[in-house]
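The values are calculated or read from the model by the stated rules, or taken from the named source; none is laboratory data. Just so it is clear, the structure is predicted and the values come from calculations on it, not from any experiment. Because the Cβ atoms are built from the backbone with ideal geometry, glycine has one as well, and the counts that use them run over all protein chains shown.
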Amino acid sequence: MNKAFALALIFTYSFLSLKAQTSDEKYDSLLAKKLHADDYGMKNYILVLLKGGSNTSMDKVAEDSIFHGHLNNIGRLAKNGDLVLAGPIGTNGENYRGLFVLNVSTFEEAKKLLATDPAIQSKLLDLELYLWYVSASLQEILPIHNKIQKLKF
């Protein structure tokens, strides 16, 4: 997946989310406040594209240990409500490995959270950060996912 295609997907999802907000469903002011939604039901997040990093000489045992820490860090960020979405990206020509959606609205906040990740610290993963304006309801994905996840990591 090239960068232009990935960004097109992001913008398409953003548009569809905005379009979905025009439905006749009853407005829930309490939920909107809880999710920090604006009048359109939207909010800013930071989208993080994870790419293969500059450190390519690490032995397999050390790399496995660091990626174990990476997964633990993902779980910690999700539990704290700082991470609303994460997942790997399949093989592609752009060296993208995965993505995060962070529940913060500034690059500075995002960088502080990302600095806690061992795979990023060790340069096994590099980052691209984007401000993403999308439905505030995105925060509700992980609680739903936890209800349908049969196997735990």
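Among the conditions (1) out of contact with any Gly (no Cβ under 6 Å at 6 or more places or on another chain); (2) among the β-branched types (Val, Ile, Thr); (3) closer than 22 Å to Asn146 by Cα, Ile89 misses just one, which is (1). Do the conditions hold for Leu131, that is, is it under 30 Å from Leu31 (Cβ atoms) and either in contact with a strand residue (DSSP E or B) (Cβ under 7 Å, 6 or more places away or on another chain) or in contact (Cβ under 8 Å) with a residue 24 or more places away in the chain (or both)? Considered against the rule, which asks whether it is under 30 Å from Leu31 (Cβ atoms) and either in contact with a strand residue (DSSP E or B) (Cβ under 7 Å, 6 or more places away or on another chain) or in contact (Cβ under 8 Å) with a residue 24 or more places away in the chain (or both), Leu131 comes out as yes. Candidates are the residues of the stretch 29-82 that are of a type in the set (Ser, Thr, Tyr) and not in a helix (DSSP H, G or I); the one that is nearest to Glu108 (Cα to Cα) is Tyr45.
Per the listing Leu142, Leu131, Leu138, the residue uniquely closer than 18 Å to Leu50 by Cα and not acidic (Asp, Glu) is Leu131. Determine, yes or no, whether Asp126 is surrounded by 14 or more Cβ atoms within 10 Å (Cβ to Cβ), under 15 Å from the mean Cα position of the chain (by Cα) and over 12 Å from Lys51 (Cα atoms). Here the answer is no, as Asp126 does not meet what is asked. Residues in the stretch 80-109 that are under 17 Å from Leu138 (Cα atoms), surrounded by 13 or more Cβ atoms within 10 Å (Cβ to Cβ) and of a type outside the set (Ser, Thr, Tyr): Asp82, Leu83, Val84, Leu85, Ala86, Leu99, Phe100, Val101, Leu102, Asn103, Val104.
Is it the case that some residue within the stretch 31-44 is surrounded by 15 or more Cβ atoms within 10 Å (Cβ to Cβ) and modelled with pLDDT under 95? No, because not a single residue in the stretch 31-44 is surrounded by 15 or more Cβ atoms within 10 Å (Cβ to Cβ) and modelled with pLDDT under 95. If you go through the stretch 83-114 and pick out every residue that is in a loop (DSSP other than H, G, I, E, B) and more than 16 Å from Ile46 (Cβ to Cβ), you end up with 7.
Considered as a group, the residues in the stretch 59-79 that are farther than 14 Å from Phe100 by Cβ and either acidic (Asp, Glu) or touching a Leu at 6+ places or on another chain (Cβ under 7 Å) (or both) include one that is surrounded by the most Cβ atoms within 10 Å (Cβ to Cβ), and that residue is Ile66. Could you look through the stretch 115-151, keep only residues that are among the hydrophobic types (A, V, I, L, M, F, W, C), touching a Leu at 6+ places or on another chain (Cβ under 8 Å) and in a helix (DSSP H, G or I), and pick out the one that is farthest from Ile66 (Cα to Cα)? The extreme case among them is Ala136. Consider Tyr13 carefully, then state whether it is modelled with pLDDT under 90 and over 20 Å from Glu94 (Cα atoms). Yes, satisfied.
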